[in-house]
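What follows is a short report on a single structure.
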Amino acid sequence: MRRLLIVAAALALLCQGASSQSKSFKLGKWTEIENSVLRELNRFYVDTIPIDRIRRAAVDAMLAELDPYTIYVPREEDENFEMMIGKNYGGIGAVIYKPDINGPVIINEPYENSPAHKYGLRSGDEILEIDSKSTAGLTSQQASDRMRGTPGTSVLFKVRKVRSADTVEVRIVREKIHLPDIEFSGMLDDSTGYILQSGFTEGVGDEMRKCVSNLKKSGMKRLVLDLRGNGGGLMNEAVEIASIFLPKGTEIVSARGRDSQLDYTYKTTKEPLDTELPLVVLVDGYTASSSEIVSGALQDYDRALIAGRRSYGKGLVQSIRPLPYGGKMKITTAKYYLPSGRCVQAIDYSSPDEKGEFKAIPDSLTKEFKTASGRPVRDGSGITPDVVLKAKEYSRLTYSLVLNGVVERYALDFVRRHESIPAVEDFHFDDYDDFIAFARGENFDYRSSARTLYDQMVRELTKDGLEETVKPQLEALKEALEIDKEQFLRLMKDEIIPFIEEEIAVRYYFQKAGVKIRLRYDDQLRDALAIPVTALAK
């Protein structure tokens, strides 16, 4: 028996070694092939080989075969990468707008307390020169790149002021700009606190703890944590936020990858602020990653009521690995699992279909897990809310106005003509005729959804040679679907005004004012607030 065990162990080691050798052989084989291809191209290709460009394309294409989160970042793109993962950059802190390549840069909105704001730049100001170089001919990205730089350095602007039309020089010292993760925190009424969180960068857990504490001091008896549209970020910050509402030592999430020695489990390490406070967490289809850790862990412990729409389903963990020449790679190293044992990952990146496309995990392959009180929850499909809330739908016209910048351009025009507006709580846009007059001169697609479907149908009928056979019916339908631009704008007035109010408000009172306007028209939030408090108790 002992001899058989020794033989079996030897065979296992041999197989393991063979597997390792096979992987090493394949890696060596393809490295040699790639290098040989490049050498042959370098020697015999008819034109000069753009080595950097084709190698970068090869690396990007290779990583794209894995998942959309594993990416290569060369040193020269480090600042953009820092902005992507940390929402940090060195600059003046302003959103710019450049409608004309040959025109000036327009300050769309400075951030509150940013260098741009502190040095007197206002919405509508025109940047004519940056460090004595004209902005005419620059793209928006090129202008932005010149405005950014190392914190502590300065940049000189020639500015035409929006009110006086005077041309002045303004020298601004750049600072490290951090876009806030908590966009708004305040009381909705005498007893309801509300926090809008848009990211999970370093320190947001401590910031959230302070916000919750301040709201409790203001009389908060229940809290709405809005994670809609929050694409996630740092896992440890998700744990910090969960620790505000769950007992110390509670397991929040575990990560498991190919190497079990690198698996780890996160537990709360701080005392909670309140483990009984009724809590609603709002989620939607853009709630992902760390947002799903927070909402999923609170759901698994029956600590919060999750409301809204099913979340995105990103259950993958990324790590940053250094590469030669100052580059780095963000690489997927593990999947994360919530306390119930479920993984929310909704797309199977390990098995592309015959077209090479990745598909969602079918419901038939998802598994059921249990919350602490025994309620069923499932893996493989994001976080399914306890209460599904209807999502607001918008007309094609409204999307067109917003995406084509018509509302944004009108807001800038409004700012040029109005020195001030009432306090945001009292501000209501009441000159819709003025907006219509502006929009009439703008070029945008104002067809209805029905009309776009009609145009598509005509194209398909033409392809099939059937257009002439149904021509009378088509002409009658076209006439029924025709709607004048102004008529359509008036029809959608109630839907469009909230977007106009928000764009105007942020240009006088910054981003928090925009949140207040959105809250004014937030039907999902109103539905969530209608949920009985007893339904939120632990």
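The values are calculated or read from the model by the stated rules, or taken from the named source; none is laboratory data. This structure is a prediction, so every number in the text was calculated from the model and none was measured. Virtual Cβ from ideal backbone geometry, glycine too; neighbours counted across all protein chains shown. When the accessible area is computed, the model is the full protein with side chains, heavy atoms only, and any ligands, DNA or RNA have been set aside. Shrake-Rupley method; radii C 1.70, N 1.55, O 1.52, S 1.80 Å.
For a protection proxy built on the mean count of beta-carbon atoms within 10 angstrom, sort 465-472, 175-182 highest first, please.
Result, highest mean first: 175-182, 465-472.
Net charge near D430, counting Lys/Arg +1 and Asp/Glu -1 over other residues with Cβ under 12 Å of its Cβ?
Computed value for this residue: -4.
Filter the cross-link list K98/K210; K98/K390; K118/K516; K87/K516; K176/K210 down to pairs whose alpha-carbon distance in this structure exceeds 29 Å.
K98/K210; K98/K390
For the chain, what is the accessible area per residue in Å², given a 1.4 Å probe and the full set of protein chains?
Ligands and nucleic acids excluded, the result is 55 Å² per residue.
Kindly write out, for segment 377-388 in residue order, the coupling ³J(HN,Hα) from the Karplus curve 6.51 cos²θ - 1.76 cosθ + 1.60 (θ = phi - 60°), rounded to whole Hz, with x marking Gly and Pro.
9, 10, 9, x, 8, x, 9, 8, x, 5, 10, 7
Along the positive direction of the dipole of the chain (beta-carbon charges: Lys, Arg +1; Asp, Glu -1; about the Cα centre), which of S350, L412, L474 reaches farthest?
My answer, from the dipole projection, is S350.
Based on alpha-carbon positions alone, could you give the equivalent ellipsoid semi-axes of the chain from the gyration tensor, as √(5λ), descending, whole Å?
Semi-axis lengths for the chain are 43, 34, 30 Å.
log10 I(q)/I(0), Debye, Cα-only segment 355-406, no solvent, q = 0.17, 0.30 Å⁻¹?
-0.78, -1.15
How much FRET efficiency would the formula 1/(1 + (r/R0)^6) give for E354 and E112, where r is the Cβ-Cβ distance and R0 is 60 Å, rounded to 0.05?
It comes to 0.70.
Okay, which of segment 163-196 sit inside 15 Å, backbone N to the point 7 Å along the Cα-Cβ direction of E82?
Residues 174-179 qualify, since their backbone N sits under 15 Å from the label point.
Can you work out the FRET efficiency for the pair N35 and T275, with r the C-beta to C-beta distance and R0 = 56 Å, to the nearest 0.05?
That pair, N35 with T275, gives E of 0.40.
What does the convex hull of the alpha-carbon atoms of segment 397-538 project to on average, in nm²?
Quarter of the Cα hull surface area: 13.4 nm².
State the dimensionless ratio Rg/Rh of segment 94-212 (Rg: radius of gyration of Cα atoms; Rh: Kirkwood radius).
When Rh is taken as the Kirkwood radius, the ratio is 1.08.
5 Å is the cut-off here: which amide hydrogens, built 1.01 Å from N in the peptide plane, fall below it relative to G103, excluding neighbours closer than 5 in sequence?
G137
What is the packing order of peptides 122-133, 230-241, taking the mean over residues of other C-beta atoms within 10 Å and listing the highest first?
230-241, 122-133
Could you give log10 I(q)/I(0) at q = 0.17, 0.23, 0.24 Å⁻¹ for segment 270-339, computed by the Debye formula over C-alpha point scatterers of equal weight, without solvent?
Treating every Cα as an identical point scatterer, log10 I(q)/I(0) equals -0.73, -1.01, -1.06.
Over the chain, what is the mean sequence separation of C-alpha contacts under 8 Å (at least six apart), divided by residue count, expressed as relative contact order in percent?
After rounding, I find 11 percent.
Can you give the charge dipole size of segment 468-538 about its Cα centre, rounded to the nearest 20 debye, using +1 on the beta carbon of Lys and Arg and -1 on the beta carbon of Asp and Glu?
600 debye
Run the dipole for the chain about the Cα centre, Lys and Arg Cβ at +1, Asp and Glu Cβ at -1, nothing else charged, and hand back the magnitude in debye, nearest 20.
Value, rounded to 20: 2060 debye.
Long-range amide H contacts for V95: which residues qualify at under 5 Å (H placed 1.01 Å from N, peptide plane, sequence gap of 5 or more or a different chain)?
N108, E109, Y111
At q = 0.16, 0.19, 0.23 Å⁻¹, what is the log10 ratio I(q)/I(0) for segment 318-444, with the Debye formula run over Cα points and no solvent?
Those come out to -0.91, -1.08, -1.41, one per q.
Where in the chain are the helices, taken as whole DSSP H runs, whose Cα atoms extend 30 angstrom or more along the long axis and whose Kyte-Doolittle mean reaches at least -0.5?
2-44
Which distance in nm do the two modelled labels at R56 and S24 give, with both placed 7 Å along the Cα-to-Cβ direction?
3.5 nm
I want the local charge near Y521. Using Cβ-Cβ distances under 15 Å, sum +1 for each Lys or Arg and -1 for each Asp or Glu among the other residues.
Once positives and negatives cancel, what remains is -3.
May I ask you to evaluate 6.51 cos²θ - 1.76 cosθ + 1.60, the Karplus curve with θ = phi - 60°, for each residue of segment 337-342 and list the ³J(HN,Hα) values in order in whole Hz, giving x for glycine and proline?
10, 7, x, 6, x, 7
So if each residue of separation counts as 0.36 nm, and I subtract the Cα-Cα distance between D166 and K390, what length gain in nm does that give?
Additional length available on full extension: 75.7 nm.
What is the dipole size for segment 182-255, taken about its Cα centre, with +1 at each Lys and Arg Cβ and -1 at each Asp and Glu Cβ, in debye to the nearest 20?
With only Lys, Arg, Asp and Glu charged at Cβ, the dipole is about 320 debye.
For E129, enumerate residues with amide H under 5 Å from its amide H, sequence gap 5+ or separate chain, H modeled in the peptide plane.
Under 5 Å from the amide H of E129 lie the amide H atoms of T135, K158, each far enough along the sequence or on another chain.
Counting helices only, and only those DSSP H runs with n ≥ 4, report the 222 nm mean residue ellipticity of the chain as the sum of -39,500 (n - 2.57) divided by its residues, in deg cm²/dmol to the nearest 500.
-12500 deg cm²/dmol
Name the residue farthest towards the positive end of the dipole of the chain from the options F435, S373, F488, assuming +1 on Cβ of Lys and Arg, -1 on Cβ of Asp and Glu, about the Cα centre.
Value computed over the given set: S373.
In segment 196-279, if every C-alpha pair distance is counted and binned at 5 Å from zero, what percent goes to each bin?
3, 14, 22, 23, 20, 10, 4, 3, 1, 0
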